[in-house]
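The values are calculated or read from the model by the stated rules, or taken from the named source; none is laboratory data. All values derive from a computational prediction rather than experimental measurement. Because the Cβ atoms are built from the backbone with ideal geometry, glycine has one as well, and the counts that use them run over all protein chains shown. Remember, those area values only see protein heavy atoms, side chains included, never the ligands or the DNA or RNA. Shrake-Rupley method; radii C 1.70, N 1.55, O 1.52, S 1.80 Å.
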Amino acid sequence: MSVYKFIELVGTSTESWEKAAATAVETASKSLRGIRIAEVMEMDMTVEDGKVAQYRTKIKVSFKYERT
């Protein structure tokens, strides 16, 4: 039997929502082991002077919970 934990993260990118999501997963994987699934929850962007300044993607990731 396994137990999984879910957390929410927000990644950012100046290029795309996909890159923002990838940034969140890649950064989280440096400190979390066993990330299994990343689900896109929400996408938005910041706007400066009438132009897109940054894409933001909110994701929910799950990873296997390990007892200590």
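Okay, here's what the table says:
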{"quantity": "Set 33, 67: member being of a type in the set (D, E, K, R) and in contact (Cβ under 8 Å) with a residue 24 or more places away in the chain", "calculated": "33"}
{"quantity": "Residue match in segment 10-17 (condition: open to solvent by 50 Å² or more (accessible area, probe 1.4 Å) and in a strand (DSSP E or B))", "calculated": "yes"}
{"quantity": "Residue count, segment 18-55 (criterion: assigned to a strand (DSSP E or B), β-branched (Val, Ile, Thr) and open to solvent by less than 90 Å² (accessible area, probe 1.4 Å))", "calculated": "4"}
{"quantity": "Members of segment 56-68 that are more than 15 Å from the chain's Cα centre (by Cα) and surrounded by 12 or more Cβ atoms within 10 Å (Cβ to Cβ)", "calculated": "64"}
{"quantity": "Cβ pairs under 7 Å, 6+ apart, first in segment 1-17 and within 20 Å of residue 31 (Cα to Cα), second assigned to a loop (DSSP other than H, G, I, E, B)", "calculated": "3/65; 4/65; 5/65"}
